[in-house]
Structures are given as C-alpha cells and as structure tokens.
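This report refers to the structure that appears directly beneath it.
Each reported figure results from applying straightforward, stated rules to the coordinates on display, with no laboratory input. The model shown is predicted, which means the values in this text are computed figures rather than measured ones. Cβ: placed from backbone, ideal geometry, glycine included. Neighbour counts: every protein chain shown.
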C-alpha cells in the first residue's frame, strides 16, 4: 500500500529550502511540487499573484483513516504574512471530505509551510487557498 498526497506546486520560480530548521520534528519537508496554491487575494478581496511555496510540509495521514482505507480532500484559506509565514489563527477550512481528522492534519502541517511573498517590492499579507488530497494507492 502506498500513501499519496496531492498538494501539487505553483509554477513560479523561487529558491527552495529542502529541510528548513523551522520544520517541527515529526514533519518532513518535501519537494514543493506537492504543495499548490490555487488562488490568492489581498486582504481587500482583490485577486493577486499566487505566491510560490518555498517550503512544503506534508500532513500526517491520520492512522485511523489510513487503516480504514479512507481518502479525502481538505481545502483551506489562510492569511500569509509579508514574510511568507501562514498565520495559524486565520486558517479556515472551506471544503472538506473525509472528516475532521483530515482537517486537523492539514491545519497542523500548514504552520510549517513557507511561501515566497508575491510581487517583488510589494510584499504584503495575502489570503491563499490550498487544497490537500489524501489518497491511498495499492
């Protein structure tokens, strides 16, 4: 059995940090191709350039859902500050299938994801949308 996370990457060139010191024990930084920002907008609601993911951290697959063979998807909105750090107090689940355990896993991992702020010279807080898909392949 293989566990696969689909969080695919934004196609914006950016320096990549392979294993940053900010990643908590128990989480691992992976290729940014596993993280995707599907939409971004400023705090006034205006669409803006999506930031590149600098550090991607995959959520843990909840053991009880893995054992049950359950798949799911969680889509979150979060405010990313001008330094590219998600504000954990602003994480909001906007769509979810599969249950609260998937949501908790995504929320816990998201605090270790880092972004390259969009727009050279105009770094400001923005809201991003990120989907995470949990699947099991045999």
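Sort 64, 129 so the one with the fewest other Cβ atoms within 10 Å of its own Cβ comes first.
64, 129
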**Likely footprinting exposure, 36, 89, fewest C-beta neighbours within 10 Å first** = 89, 36
**Asked** Would you list 49, 58, 32 from fewest to most Cβ contacts within 10 Å?
**Response** 49, 58, 32
